[in-house]
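One structure below.
Only the coordinates and a few stated rules stand behind these numbers; no lab work does. Since the structure is predicted, the reported quantities are computational estimates derived from the model, not experimental observations. Backbone-built Cβ (ideal geometry, glycine too); neighbour counts: all protein chains shown.
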Amino acid sequence: MRSIGFVVGRTSTKWITVRLEDEALIDDLVMVGDRLLGVIRGVSYANPTMSPYSPFTPANVEAVRAYEYQNASVELYGSVDQGKFDPRILSAIPTGTSVYKVERGDLEKLAFIDNPIFLGEHPSSKWPLPLNPEAIDYHVAVVGSTGSGKSHLVRLLVKELIRMGKRVVVFDHTGVDYSPYFKDYVIADSEVFPDILSLAEVMANKVLGKDYLDDVEVSLYAYLYSGGDLGKVRHFMESLGFGNGEFDMRAILKLREVSPMDVSWDNEPFIATLRIVMGYLKRKEHTIAKSLFRLAKSGISLGSFNGRKYDVDGLINHILDDNLTVLDISSETLPIRYGIMRGVVSGIMDRAERSEDKLNIAIVVDEAQVYAKGQPPTVALSDVARRGRKWGIGLILVSQRWVSDLDTNIRANINSVVFSSLQSSSDLEDIGKIVNLGNIDTGILGTGDFYVTGLLSPFRRPILMHTFE
Ligand SMILES: Nc1ncnc2c1ncn2[C@@H]1O[C@H](COP(=O)(O)OP(=O)(O)OP(=O)(O)O)[C@@H](O)[C@H]1O
Ligand SMILES: [Mg+2]
C-alpha cells in the first residue's frame with residue numbers, strides 16, 4: 001500500500017474527504033487508517049486564491065499555484081477486523097488519518113465471502129473480486145450497450161456457477177454467443193418438439209390469422225388423439241360433446257398420456273383434421289374453405305416436426321439431469337422459441353413445487369429484450385423472479401437496456417445489477433431504485449468494464465470490475 005494523503009474536513013461513517021498528496025484516480029480502492037476500506041468516487045482541485053467569487057485576479061497564475069490542493073471524495077465500504085471484512089462502520093474516523101492506495105496483492109489475504117466466484121479484477125489494484133454466488137438465487141441483470149462484453153461476462157459466470165455445483169440452462173438467442181463455447185452441452189431448438197399452443201400460434205399467425213388460433217389448437221389436439229385417422233378425429237370431437245356426441249371424459253384423459261413425438265406428423269391428414277374440426281365448431285363454409293387453401297399453400301411442413309429428440313417435458317428432464325444445457329434457439333421461428341422458453345421455465349417451476357429439494361439452477365436469458373418485456377415467456381420469467389429463490393432457481397438476464405428491455409415485475413425482483421456504459425441515462429437512475437448506487441460516476445467504460453452492484457458485490461455497494469480475458 002502507498003500513502004496518498006490524509007483525511008480532512010467533516011468525516012462520517014459513509015463518506016470522507018481526503019487531501020491528496022500523491023496521484024489517485026476515480027475507482028481506486030483505499031485504506032483509511034488501518035481498518036476502513038473505501039473507494040474514490042470523485043477528485044477535485046481547489047485554490048483559495050482562485051475563488052470564482054474573489055474580486056482579486058492573481059497577476060501571476062504560476063505564483064499562486066502553491067496554494068492549490070487536490071481533494072478526493074471517498075465512499076467507505078466497511079471495516080476490516082482481524083482479516084475479515086465487515087460492511088458496518090459504527091463510528092467516524094478522525095481528521096488527519098492517513099489514507100493509502102490499495103495495490104496489487106494487498107487484499108488477497110482478506111476474507112470477504114465463503115466460496116466466492118470470480119469473473120474479473122478490480123482494475124487499478126488487480127484484485128480478483130470475490131463475488132457472492134448466493135446472489136444468483138436473488139436474480140442478476142447484466143446490462144450494457146452493444147459490444148460492452150456482456151455475453152463474455154456471462155460465459156465466465158456460467159463456468160463459475162458450474163464449478164460451484166449449480167445447474168445452469170442457457171437460452172442462446174443468437175446461437176453464436178454460447179453454443180460454440182460449450183459444444184458438448186448444446187441442444188438445438190430443431191431437436192425439440194414445441195408445446196401444442198406454440199405450434200398452434202405459429203400456424204395461426206402465419207396462415208389463418210389470430211381469430212383461428214382456437215380452431216388450429218383444437219385440431220392439433222384432435223390430431224394428437226387420432227394420429228391423423230379421420231374416424232378417430234370424429235370420435236374425439238363427439239366425445240367432447242360436439243355434433244350428436246355425448247361428453248366423455250376418457251378422450252381428454254387419453255390425450256394427457258400422448259406425447260407429440262408418438263404421432264407421425266403430416267400435412268395432408270392434418271388439413272383433413274382441420275376440416276372436420278372446423279365443421280364441428282360450426283365455422284362458416286367459406287371460412288373453412290379459405291383456411292384449408294391457406295394452410296395447404298402455406299409452406300408449413302408438419303413433417304419437419306417428426307423425429308425430434310425431446311418434447312418440453314423430456315427437455316426439462318435433461319436439463320435437471322445435466323449440470324449445463326445450452327439451448328440454441330436461433331433457428332426456429334419466434335413463436336416456437338417463445339414456446340420452448342415458456343415451457344421450460346414454467347416446467348422448471350412446476351417441478352420445483354413438486355420437489356422436496358432445492359433445484360439449485362440458474363436460468364440464463366441473453367438478449368432478454370426479445371423474451372422478458374411482454375412477450376409470451378415474460379409471465380413465466382416474472383414468476384421465477386418472484387418465487388424462484390425459495391427453490392434455488394435464479395435468473396440471469398442479459399440485455400442492452402434496463403427499463404425498456406425488462407418487465408417491471410422482473411426488475412422489481414432483481415437484487416444485483418452488473419452494468420457497463422448505458423445507452424439511456426434514465427436507466428442508471430432506475431437501477432438506483434433497486435440497488436445502492438451511491439454517486440458513482442460511470443463516465444466512459446471500456447469493453448469488459450462493469451460496475452458490480454447489489455448482493456453480488458462483496459461490499460453490497462458498486463465496485464468497478466474488468467472481466468478476465
Ligand atoms: N474482458 C475482455 N477481454 C477481452 N475481450 C473481451 C472482454 N470482454 C469482451 N471482450 C470481447 O469484446 C467483444 C464483445 O463482447 P460481447 O459479445 O460479450 O459483447 P455484448 O455486450 O454481449 O454485445 P451485444 O450486446 O452486441 O450482444 C467480443 O469479441 C469479446 O470477446
Ligand atoms: Mg451479447
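DSSP beta bridges in the chain, what fraction antiparallel, as a percent rounded to 5?
Numbers: 45 of 74 bridges.
Here the share of antiparallel DSSP bridges comes out near 60 percent.
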Diffusion constant of the stretch 247-363 at 4 °C, which comes from Stokes-Einstein with the Kirkwood Cα-pair radius and 1.567 mPa s, µm²/s: 74 µm²/s
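May I ask you to order 87-95, 277-285 by the average number of other C-beta atoms within 10 Å around their residues, highest value first?
Put in order of decreasing packing, that is 277-285, 87-95.
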Just to confirm my numbers, what's the Cα centroid distance between the stretch 35-78 and the stretch 390-420 in Å? 40 Å
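Going by how many other beta carbons lie within 10 Å of each one, how would you line up Arg167, Arg401, fewest first?
Details: Arg167 21, Arg401 18.
With the sparsest Cβ surroundings first, the list reads Arg401, Arg167.
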Can you tell me the mean projection area, over all orientations, of the convex hull of the stretch 106-215's alpha carbons? Units nm², please. 10.9 nm²
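Excluding Ser416 itself, what net charge comes from residues whose Cβ is under 13 Å from its Cβ, given Lys and Arg +1 and Asp and Glu -1?
On the way: positive: Arg389, Arg411, Arg460, Arg461; negative: Glu134, Asp137.
Residues near Ser416 contribute +2 overall.
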Can you give me the Cα centroid spacing of the stretch 107-184 and the stretch 257-279 in angstrom? 45 Å
Computed from every Cα-Cα pair in the stretch 266-307, P(r) in 5 Å bins starting at 0 and rounded to whole percents is 5, 23, 30, 21, 13, 6, 2, 0
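For n ≥ 4 DSSP H runs only, could you compute -39500 (n - 2.57) per run for the chain, divide by its residues and tell me the 222 nm figure to the nearest 500?
Details: 13 runs with 137 residues, N = 469.
Helix contribution divided over all residues of the chain: -8500 deg cm²/dmol.
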For q values of 0.14, 0.30, 0.31 Å⁻¹, compute log₁₀ I(q)/I(0) with the Debye formula on a Cα-only model of the stretch 366-417, without solvent. -0.29, -1.31, -1.38
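Could you work out how much longer the chain between Met164 and Asp430 gets when fully extended? Use 0.36 nm per residue separation minus the Cα distance between them, nm to one decimal. Spell out each step's value before the answer.
On the way: separation 266, 0.36 × 266 = 95.76 nm, distance 3.15 nm.
Result: 92.6 nm gained on full extension.
In what sequence, highest mean first, do 241-248, 371-378, 78-85 appear when ranked by Cβ atoms within 10 angstrom? If you can, show how the numbers build up before the last one.
Details: 241-248: 12.0, 371-378: 20.0, 78-85: 13.9.
Most protected by this proxy first, the peptides run 371-378, 78-85, 241-248.
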Surrounding charge for Leu324, neighbours by C-beta under 10 angstrom, Lys/Arg +1, Asp/Glu -1, total +1
Distance in nm between label sites at Met50 and Glu285, each 7 Å beyond Cα in the beta-carbon direction? 9.2 nm
If amide H atoms are modeled at 1.01 Å from N in the peptide plane, then the residues at a separation of 5 or more from Val326, or on another chain, having amide H under 5 Å from its own are Val170, Val186, Ile187
Using bins 10 angstrom wide from zero, how does P(r) for the stretch 2-111 break down, in % of all Cα pairs? 14, 41, 26, 12, 5, 1
The stretch 330-403: which GluC sites (Glu not before Pro) are DSSP loop and have at most 16 other beta-carbon atoms within 10 angstrom? Glu356
Kirkwood hydrodynamic radius (Cα pairs, Å) of the chain? 25.8 Å
So how tilted is helix 334-354 from the main axis of the chain? Cα-based, degrees 0 to 90, rounded to 10. 80 degrees
Mind scanning Lys14/Lys101; Lys150/Lys210; Lys254/Lys390; Lys14/Lys109; Lys254/Lys284; Lys254/Lys373 and naming the pairs with a C-alpha gap bigger than 28 Å? Lys150/Lys210; Lys254/Lys390; Lys254/Lys284; Lys254/Lys373
Highest mean first, what order results for 20-30, 134-144 on Cβ atoms within 10 Å? 134-144, 20-30
All-pairs Cα distance distribution in the stretch 196-305, expressed in whole percent, bin size 5 Å: 2, 13, 24, 27, 20, 11, 3, 0
